[in-house]
């Protein structure tokens, strides 16, 4: 492959030159951990006392003090919520000291620690159009079924639109689900949400953090044109065996973690595992018959496992795997199920001869989905793929250089029967190669972060240069301005029709190689889907406990491939080319003081598509969206907690029914009586998405009571009500019967969990 042979030698030469440069001076580097559980502490202040300069630890708790002359140095490590740590080192020329340092936690709320870390990150990182979500934040949201879930928290983020409780999907700042990449420890998850729409495949209790990039993400991410959701899991408790059991009206789960061997010479081996499943189909027949007399026919079963080995210098390797399963069965209507599994390994290496970090991932994942309907033949979609990535990071004080390579391969198989009774589908294999480079340069109050990605799609023999940039200006201690922009491509598309809001089946296709030569009169060079982003915004810390974040964004989708909604004959092209635009503004206001947390988010959005014939609103174009969440803890040791969420959104566009016509179908039998034969009805659609559904709003409330058995063990009772005032939000309308199908009615839930 030509791109590989062209760029790898330059990377190797650069690596050698950097290594030689750092060999002339001394370095102090290492990782900072929480002494109680061994988890890394990000964004700690590491100060050279004598020099009055310092650095901040990264997401892994890693820091590096470079270009130090021979001599004695005192460093002080501080982070609110922990005792400070002081160490003295005597350095020689060329010496590199690597340490694992542990901070002792003191009495402080963990939520406050997370807030402090986030504020420090805002000052030292560009972090434009990205939300970092912690398990603590997820737990402050009313949890449907009594189990906090990232699927529910994502719905309150700026620019995120959720289309429904049943079969709903997430749309992020104008992008469709297929344009959002979801990563679990570096491994691609093709369907992160269960069909009921309330739950994800991820267990909140194993999550370390979630970064949701809604636009303008850097060059380390590729092959998606809208957004990235990057989920990192914990390594497991290094000190003792611990776990959690949870049972509720929707399902149950178990988490178990701990050391596989006693920590020796700062080496550790830990495990982490989680299993969760739903028995809603069974319990709903007893508890929720008012929602559906036949019960709610949803089932899922998810499992995740991880083994982590960490060496005495902080290097580590992880082995992990998952299995996710989902099923829906409406007798005589439709049967739908999917399963997904994957295995992988990730590593972080600190070479002894170079002042750098090496990290990477080797992974494989597989996803199958099938939908069988009473009125339509079986549709299936199967996608699997492998990935390998290797990244190199150099730290120069507060500045850093990161570059890496990535190999990707995927196989897709999509099969269906078209309206003319012909078996159709697509089977393809795709391989990709990418290299990227990103540099972070801090110049006084300015953080400048340019990056470049070169992505080669072998199936189309197309090389895509994708420059990107992010900037932040720290106007003052409490005011920051930010900007991000970039070019993005991808070569997969959805096999789902956009005619209606409801889509249980979500299949995958490779963008066809042969498409029209022009899009809106403009010649195209290849069939890759393309997008361009720009985001500007500001961060304002008002007083001590208020934080305001505002962003204005624009996404231009200059090349999109879609199912041909105008197809009338078998000879017609199955695909059309479109362009699209998404733009809007978001504001988030957070108040967090001691026991009270309030978050207000307002999003203003416009999303449209141009297919060369008409410009139309997408079915997820929600003009106004408001989310208000609050959490309040009270009582001795905060054993009581109340959480609430209210959501308002203007109605989704939909395509009206203009009329009906009799479909002339051939008789199935020569003896069939024409007088008793009833023709089926065909639908005449109005202009796409010219109609609009009523506005949506819903209130959810949760009550929690914690019983502290001992410093390590607790029992928590959770009672919640979803859709408190039982508002009838329309899900969709049956076009032929005019029957209105509503989203979930008022649902109460109860859960009990034991932590040990």
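Residues that are modelled with pLDDT of 85 or more and either closer than 12 Å to residue 75 by Cβ or in the same structural domain as residue 94 (by TED's automatic domain parsing) (or both) occur in segment 15-26; there is at least one. For residue 306, are the conditions met, namely being surrounded by 21 or more Cβ atoms within 10 Å (Cβ to Cβ), part of a strand (DSSP E or B) and under 20 Å from the mean Cα position of the chain (by Cα)? So residue 306 passes the test.
Residues considered: 755, 729, 734, 738. Of these, the only one that is surrounded by 15 or more Cβ atoms within 10 Å (Cβ to Cβ) and either without any contact (Cβ under 8 Å) to a residue 40 or more places away in the chain or under 19 Å from residue 141 (Cα atoms) (or both) is 729. Can you say whether residue 587 is modelled with pLDDT of 95 or more, assigned to a strand (DSSP E or B) and surrounded by fewer than 21 Cβ atoms within 10 Å (Cβ to Cβ), as far as the supplied structure shows? Criteria met by residue 587. Taking the criterion of being buried (at least 17 other Cβ atoms within 10 Å of the Cβ), at pLDDT 95 or above and part of a strand (DSSP E or B), would at least one residue in segment 415-428 satisfy it? No, because not a single residue in segment 415-428 is buried (at least 17 other Cβ atoms within 10 Å of the Cβ), at pLDDT 95 or above and part of a strand (DSSP E or B). The condition (being modelled with pLDDT of 90 or more, surrounded by 14 or more Cβ atoms within 10 Å (Cβ to Cβ) and within 36 Å of the chain's Cα centre (by Cα)) is satisfied by just one residue among 77, 41: 77.
Select from segment 321-335 the residues that are in a strand (DSSP E or B) and either surrounded by fewer than 22 Cβ atoms within 10 Å (Cβ to Cβ) or on the phi > 0 side of the Ramachandran plot (or both) and list them in ascending order. Matches in segment 321-335: 321, 323, 325, 327, 329, 330, 334, 335.
On the stretch given as segment 51-85, residues that are in a strand (DSSP E or B) and under 30 Å from residue 232 (Cα atoms) total 14. Looking for whichever is closer than 27 Å to residue 416 by Cβ and either at pLDDT 95 or above or assigned by TED's automatic domain parsing to the domain that holds residue 424 (or both) here; the options are 546, 600, 557. Which one fits? Just one listed residue meets the conditions, 557.
Among the residues of segment 80-99, just one is closer than 11 Å to residue 35 by Cβ and surrounded by fewer than 18 Cβ atoms within 10 Å (Cβ to Cβ), namely 83. Please work out if residue 392 is within 21 Å of residue 192 (Cβ to Cβ), at pLDDT 95 or above and surrounded by 19 or more Cβ atoms within 10 Å (Cβ to Cβ). Considered against the rule, which asks whether it is within 21 Å of residue 192 (Cβ to Cβ), at pLDDT 95 or above and surrounded by 19 or more Cβ atoms within 10 Å (Cβ to Cβ), residue 392 comes out as no. Considered as a group, the residues in segment 44-55 that are surrounded by fewer than 21 Cβ atoms within 10 Å (Cβ to Cβ) and more than 14 Å from residue 89 (Cα to Cα) include one that is modelled with the lowest pLDDT, and that residue is 52. Each residue in segment 242-273 was checked for being assigned to a loop (DSSP other than H, G, I, E, B) and under 29 Å from residue 151 (Cβ atoms), and 2 of them qualify. Going by the conditions given, is residue 241 modelled with pLDDT of 90 or more, crowded, with 22+ Cβ neighbours inside 10 Å and in the same structural domain as residue 530 (by TED's automatic domain parsing)? Taking the combined requirement at face value, the residue does not satisfy it.
Counting only strands (runs of 3 or more DSSP E) that sit wholly inside segment 120-227, not one has at least 2 residues that are in the same structural domain as residue 602 (by TED's automatic domain parsing), modelled with pLDDT under 90 and within 21 Å of residue 720 (Cβ to Cβ).
Output yes when any residue across segment 343-355 is assigned to a strand (DSSP E or B), farther than 20 Å from residue 186 by Cα and free of Cβ contacts under 8 Å to residues at least 60 places away in the same chain, and no when none is.
No.
Are any of the residues in segment 594-603 in contact (Cβ under 8 Å) with a residue 60 or more places away in the chain, over 22 Å from the mean Cα position of the chain (by Cα) and surrounded by fewer than 18 Cβ atoms within 10 Å (Cβ to Cβ)? Yes, because at least one residue in segment 594-603 is in contact (Cβ under 8 Å) with a residue 60 or more places away in the chain, over 22 Å from the mean Cα position of the chain (by Cα) and surrounded by fewer than 18 Cβ atoms within 10 Å (Cβ to Cβ).
The values are calculated or read from the model by the stated rules, or taken from the named source; none is laboratory data. Note that the coordinates shown come from a computational prediction; the quantities given were computed from them, not determined experimentally. Here Cβ is always computed from backbone atoms with ideal geometry, including for glycine, and neighbour counts include all displayed protein chains.
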